[in-house]
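Right, one structure below, let's go through it.
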Amino acid sequence: MARQTGSFIKATIGNVIYYEHRGIPVMRSKPTQVRQSKASKKSAQEFGRAIIYSRKIRSSLRDLLVPGDRSVMYRLNNAFLQWLKDSRADKKLLAEYITELRSFELNESSRLTSCLRFKPEAEIYQTGKIFVVIPALTAAKDISAPANTRRVRLTIICARCTTLDKPVQVQVNPEDHQTVMEMDYNDTRHPAQRVEISFKTTRGDIVLVAIGLSYFVMKQKNLIRVTDPKWLPA
């Protein structure tokens, strides 16, 4: 803002506005108006929705996340954002699958696909039923583990949130959506299992099944869970 000398002018000339402020002639530049295009507004809305979905899902999967690891937040945000972009072709329906979340690693420092020599499968039905299939396995041969591992645990968690305009996470009891399988880390052969998860879903929900692997080592005659991020695959 600059003071004007000489006779007073009250007008707009070019991008300069001349006016009076508390009896003093002054001038200022005209503010630049920025109008969002329809495309930019759409992108902003999609980004906001992606962040909401990501936050809700991370809340459900918090037991499988590495404390303080913010990279998973950004990667989940991007996965949901790409899914919403992929859904633009049909304005009434969202794409059936979130491609970026298939075989998604929650901990890039310890990849589950590298620790397991078998592939768990999730079966999600429109009726709301969810099954997780674990093939026959021998822990000491089919699961990579740190030295002195005595026991391993597979934690299966189902997570969901709605795709309504105001997404909310339905509160459920932990036992309704989390299942734990433990086995000694030895040469015992375990039969295949098809585990049903007690978890109710409704049409339009985003539904994810996540599996985390935990290790327990013997220290001073006690089994202690490994907390090193390099051995927290999920």
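The values are calculated or read from the model by the stated rules, or taken from the named source; none is laboratory data. What you are looking at is a predicted structure, and each value in this text was computed from that prediction instead of being measured. All Cβ positions, glycine included, derive from the backbone under ideal geometry; neighbour counts span all protein chains shown. The protein model used for the area step is the full one, side chains on, heavy atoms only, and it has no ligands, DNA or RNA in it. Shrake-Rupley method; radii C 1.70, N 1.55, O 1.52, S 1.80 Å.
Here is the figure for segment 54-81: residues that are outside any helix (DSSP H, G or I) and among the small types (Gly, Ala, Ser) total 1. For beta carbons closer than 7 Å, sequence separation of 6+ or different chains, a first residue in segment 82-103 that is outside any loop (DSSP other than H, G, I, E, B) and a second that is surrounded by 11 or more Cβ atoms within 10 Å (Cβ to Cβ) and at pLDDT below 85, the qualifying pairs are Trp83/Ala95; Asp86/Ala95; Ser87/Leu94; Ser87/Ala95. Of the strands (runs of 3 or more DSSP E) lying entirely inside segment 183-234, those carrying at least 3 residues that are among the small types (Gly, Ala, Ser), open to solvent by less than 90 Å² (accessible area, probe 1.4 Å) and within 30 Å of Cys161 (Cβ to Cβ) are 205-219. Applying the criterion of being β-branched (Val, Ile, Thr) and open to solvent by 80 Å² or more (accessible area, probe 1.4 Å) to the residues of segment 20-75, the residue that is modelled with the lowest pLDDT is Val34. Residues that are at negative phi and of a type in the set (Ser, Thr, Tyr) were ranked within segment 76-121; the one that is surrounded by the most Cβ atoms within 10 Å (Cβ to Cβ) is Ser110. Checking segment 141-156 against the condition returns a match, with at least one residue being surrounded by fewer than 18 Cβ atoms within 10 Å (Cβ to Cβ), at pLDDT 90 or above and touching a Lys or Arg at 6+ places or on another chain (Cβ under 6 Å). Every residue in segment 122-140 that is assigned to a strand (DSSP E or B) and exposed (fewer than 14 other Cβ atoms within 10 Å of the Cβ), please. Passing the criteria: Glu123, Val133.
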